[in-house]
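Structure record follows, encoded as structure tokens.
The values are calculated or read from the model by the stated rules, or taken from the named source; none is laboratory data. These numbers come from a predicted model, not from an experiment. Here the Cβ positions follow ideal geometry from the backbone for every residue, glycine too, while neighbour counts run over all protein chains shown. For the accessible areas, the whole protein counts, side chains as well, though only heavy atoms, and no ligand, DNA or RNA atoms are used. Shrake-Rupley method; radii C 1.70, N 1.55, O 1.52, S 1.80 Å.
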Amino acid sequence: MPLKGMSCASCAGTIERALAGVAGVSKASVNFATRTATVLYDPAATDPAKLAAAVRGAGYEAVVPVAEAAAANGAHPGHAGHGGHAPCATGEDHAAHMDVNAGEQEALLRRVIVGGVLSLPVLVIAMSHGRIAVFNQPWINWLQLVLTTPVVVWCGARFFRSAWMGLKHLRANMDSLVALGTGTAYVYSLAATIWPGFFAGGAGEGMGAVGGVGGMAMVPVYYEAASVIIVLVLLGKLLEARATGKTGAAIRRLIGLQAKTARVVRGGEERDIPVEEVVVGDTVVVRPGEKIPVDGVVEAGGGSSAVDESMLTGESVPVEKGPGAAVFGATINTTGALRLRTTRVGKDTALRQIVRLVEEAQGSKAPISRLADTISAYFTPAVLVIALVTFAVWFFVSPVEDRLSMALRTFVSVLIIACPCALGLATPTAIMVGTGRGAEHGILIRSGVALETAHKVTAVILDKTGTITRGRPALTDLRALPGVPETEFLRLAASAESLSEHPLGAAIVEGARARGLRPAEPSEFRAVVGKGVEATVDGRRVLVGKRALLVERGIDTGALDPLADELAAAGKTPMYGAVDGRPAGVIAVADSVKPESREAVGRLHRLGLRVAMITGDNQRTAAAVAREVGIEPEMVFAEVLPGEKAAHVKGLQEQGHLVGMVGDGINDAPALAQADVGLAMGTGTDVAIEAADITLIRGDLRSVADAIALSRATMRTIRQNLFWAFVYNVVGIPVAAGVLYPLTGWLLSPIIASAAMALSSVSVVLNSLRLGRARL
């Protein structure tokens, strides 16, 4: 839910506690940077309206997204037949948040402009210190009152309203500090303007004191402190809102990729309809150069094309799509026309699920944020105590003629400079930018916890099949005996296997076609269970299979055995071939290593990680694959049963490692859940993806190193943010309290304090935005 009225991290904590106290809520997280609440609740026990009421009860406002409200009222936010489709929750959430944010920025801009115009003359009058004759008049304080009052009453209303709500709920926040500081300066100045005689005894040259009239000093006023501080704080809020708005750019770009219309075949005619009205099972036509509007499958006879999927995977090379291939909404059809059968629409599409995952990650908290939350909870009350002590000390130690001026000046400066905004922005802004950056590169990080944990990983276990390798057998070697043409041998073998359903046979057929050969249909075919196939191709008798098949047929394999042993030693599966009763050659099939796997393992080693491989394959095959990609022999776990993979993860954890597990299959899910960080290849099963903390959409092993590098960069940025936020307050508060005055005679102006406070918040956000340019 988008939120209104938050001013600092302590506000976020207040709302979290209010939401967590609602019956049926199991988890509530408030992101100060995005001004949103993410709530996990039982709809049988509560609903969004009650959650919003809890937020209002805490003194803030919550916007219930349309789709959530519809769902709570019994309307399913899915499809209403051909006639309509309720807004998808994810898009509606973000749209509501964007509306709130845009409206808040416009309101802030209006108040900054009005406040700036009215405050400038007041500041000029105050800075003149009575040395300009036209300002040295009895009515000058009344003029300042007239100019300042709209700034305090209208421009600064939000601070006083929030402070009052906080007081009613017995809590203090950043607005309490601003309201107390500016309110004190304004009320004192108002009283001094109306009853100057009462204050004339202590009329020194304070912040707003002007020269005398008729040789008598005028009463000092602090209108410029009240008005200029409000304008500067509002300006800081405006800059902060605009900067934090940029941290959500990744989600906005993803949502903007969605096509607005779809060309659907209905009643035998093609018609353009809004994408919200497309339903599962519709036939959609996509022309060259158009965006694919929904997720679907290319129909038989529905054409073929290359599709640019870079928005999903970060991979710039278009992917060939033919009949039966899955396509995804918001990707771009480049060359040919496609005819699709719709499989997923609305919030179920891959794009919307990505947006949802990114939003959940951005709304979550990293463990490191607990430190800032804890400090923020006690910070504002502590500052109030420090400010009151500062006022009392200066009131009693300053000369009588200056004591009120000195005490008030330091009191206001402490209140203003101590604002904990930078502290509250330090973690969420970095997480927002980091997760958004990951999404743009096909790395979906599910939570702030996963993002933080990933940077501490010391060992990575890679599943072999489908992760290091392609996950399907492919033809790797062709060895024909002297006098047997290799091409003809392969064509005959592929023809014999063309009617086989065995994966190894399919690999031979696919390999032959990849080499430009066209397998013939055998006139006779017989599968010999567990041994191979025999067939008649173009009148020739062909055998392809294990050595036992040829021996059984009385064929001497002596010339083929050395070739087969050599290939088997390399981790490949050799298949013997014979033509017309004579040995012809050996064909090797293997689950081939992905071309990028060696580079990926090298990058992980350079990051200082131990890299292990786990597989159910035999030791010889596993060792061969490990050698090829650069994994040490002692880090190879072979012949591991599916249920034992999690035990190997636990074994490394017991050795003191924080383990990242990378896999793609259903049998990897327990190991992914056991690992400190589970990384699922996006090309794998939904079960593995659900069990993982990070999903690598591209299925490219290099993304593992990218994810860990991104985590390290994000945590480095968070630590920088927290350091500068802490340093700012640790140094700023004593300076504002006047500890340097006895040594240097220098006292911090409340106006400078407010400018420094605004600058600290903006600098934290800008530092987080640098992550958007991080090299992966």
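Here Met681 qualifies as at pLDDT below 90, within 20 Å of the chain's Cα centre (by Cα) and crowded, with 17+ Cβ neighbours inside 10 Å. Within region 664-678, the set of residues being closer than 17 Å to Ile468 by Cβ and in contact with a Ser or Thr (Cβ under 9 Å, 6 or more places away or on another chain) comprises Asp664, Gly665, Asp668.
Matching residues to (1) open to solvent by less than 70 Å² (accessible area, probe 1.4 Å); (2) at pLDDT below 90; (3) under 52 Å from the mean Cα position of the chain (by Cα):
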{"position": "Arg513", "(1), (2), (3)": "no, no, yes"}
{"position": "Leu517", "(1), (2), (3)": "yes, no, yes"}
{"position": "Ala520", "(1), (2), (3)": "yes, no, no"}
{"position": "Val529", "(1), (2), (3)": "no, yes, yes"}
{"position": "Glu534", "(1), (2), (3)": "yes, no, no"}
{"position": "Gly545", "(1), (2), (3)": "yes, no, yes"}
{"position": "Arg553", "(1), (2), (3)": "no, no, no"}
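Of all residue pairs spaced 6 or more apart or on separate chains, those with beta-carbon atoms under 6 Å, a first member in region 393-406 that is open to solvent by less than 70 Å² (accessible area, probe 1.4 Å) and a second member that is modelled with pLDDT under 85 and basic (Lys, Arg) are Phe395/Arg403. Would you say Leu748 is touching a helix residue (DSSP H, G or I) at 6+ places or on another chain (Cβ under 8 Å) and surrounded by fewer than 24 Cβ atoms within 10 Å (Cβ to Cβ)? Spelling it out, Leu748 is indeed touching a helix residue (DSSP H, G or I) at 6+ places or on another chain (Cβ under 8 Å) and surrounded by fewer than 24 Cβ atoms within 10 Å (Cβ to Cβ). The residues of region 331-348 that are under 14 Å from Lys291 (Cβ atoms), crowded, with 17+ Cβ neighbours inside 10 Å and in contact with a Pro (Cβ under 8 Å, 6 or more places away or on another chain) amount to a single one, Asn333. Cβ-Cβ distances below 6 Å connect the following pairs, each with a first residue in region 10-27 that is within 16 Å of Pro428 (Cβ to Cβ), a second residue that is assigned to a helix (DSSP H, G or I) and acidic (Asp, Glu), and a separation of six or more residues or different chains: Gly13/Asp373.
Looking at Gly81, Gly156, Gly103, which one is surrounded by 15 or more Cβ atoms within 10 Å (Cβ to Cβ), of a type outside the set (D, E, K, R) and either modelled with pLDDT under 80 or out of contact with any strand residue (DSSP E or B) (no Cβ under 7 Å at 6 or more places or on another chain) (or both)?
Gly156
Yes or no: Ser760 within 20 Å of Ala407 (Cα to Cα) and either free of Cβ contacts under 8 Å to residues at least 24 places away in the same chain or open to solvent by 10 Å² or more (accessible area, probe 1.4 Å) (or both)?
No; evaluated as a whole, the condition is false for this residue.
For region 657-668, does any single residue satisfy the condition of being touching an Asp or Glu at 6+ places or on another chain (Cβ under 9 Å), modelled with pLDDT of 90 or more and either surrounded by fewer than 19 Cβ atoms within 10 Å (Cβ to Cβ) or in a loop (DSSP other than H, G, I, E, B) (or both)? The answer is yes, given that some residue of region 657-668 is touching an Asp or Glu at 6+ places or on another chain (Cβ under 9 Å), modelled with pLDDT of 90 or more and either surrounded by fewer than 19 Cβ atoms within 10 Å (Cβ to Cβ) or in a loop (DSSP other than H, G, I, E, B) (or both).
Taking the listed residues Gly442, Gly438, the one that is touching a Lys or Arg at 6+ places or on another chain (Cβ under 7 Å), buried (at least 20 other Cβ atoms within 10 Å of the Cβ) and closer than 24 Å to Thr38 by Cβ is Gly442, with no other qualifying. Scanning region 24-50 for residues that are touching a strand residue (DSSP E or B) at 6+ places or on another chain (Cβ under 9 Å), farther than 30 Å from Gly236 by Cα and not charged (D, E, K, R) yields a count of 8. Restricting attention to region 36-54, the residues being open to solvent by less than 30 Å² (accessible area, probe 1.4 Å) and under 24 Å from the mean Cα position of the chain (by Cα) number 2. Would you check if there is a residue in region 308-315 being assigned to a strand (DSSP E or B) and modelled with pLDDT of 85 or more? The answer is no; no qualifying residue exists.
Against the criterion of being open to solvent by 30 Å² or more (accessible area, probe 1.4 Å) and assigned to a helix (DSSP H, G or I), Leu170 does not qualify. Just give me the residues in region 55-78 being modelled with pLDDT of 55 or more, among the small types (Gly, Ala, Ser) and open to solvent by 60 Å² or more (accessible area, probe 1.4 Å), in sequence order. Answer for region 55-78, where residues must be modelled with pLDDT of 55 or more, among the small types (Gly, Ala, Ser) and open to solvent by 60 Å² or more (accessible area, probe 1.4 Å): there is none.
Put simply, of Val704, Val735 the only residue that is more than 17 Å from Leu451 (Cα to Cα) and either modelled with pLDDT under 85 or part of a helix (DSSP H, G or I) (or both) is Val735.
Total residues in region 519-536 satisfying the condition of being outside any strand (DSSP E or B), of a type outside the set (Gly, Ala, Ser) and touching a residue at least 12 places away in the same chain (Cβ under 8 Å): the figure is 4. Candidates in region 567-607 are the residues that are outside any strand (DSSP E or B) and modelled with pLDDT under 90; of these, the one that is nearest to Ile461 (Cα to Cα) is Lys594. The condition (being touching a residue at least 60 places away in the same chain (Cβ under 8 Å), more than 22 Å from Glu440 (Cβ to Cβ) and open to solvent by 10 Å² or more (accessible area, probe 1.4 Å)) is satisfied by just one residue among Glu269, Glu276: Glu276. Of the residues in region 738-761, how many are among the β-branched types (Val, Ile, Thr), under 30 Å from Val124 (Cβ atoms) and modelled with pLDDT of 80 or more? Residues flagged as among the β-branched types (Val, Ile, Thr), under 30 Å from Val124 (Cβ atoms) and modelled with pLDDT of 80 or more within region 738-761 amount to 1. Scoring Ala12 on the criteria (1) of a type outside the set (Asp, Glu); (2) modelled with pLDDT of 80 or more; (3) within 30 Å of Val278 (Cβ to Cβ); (4) assigned to a helix (DSSP H, G or I) leaves a single failure, condition (3). Considering only region 633-663, state which residues are farther than 17 Å from Gly466 by Cβ, in contact with a Phe, Trp or Tyr (Cβ under 9 Å, 6 or more places away or on another chain) and in contact (Cβ under 8 Å) with a residue 12 or more places away in the chain. Matches in region 633-663: His648 only.
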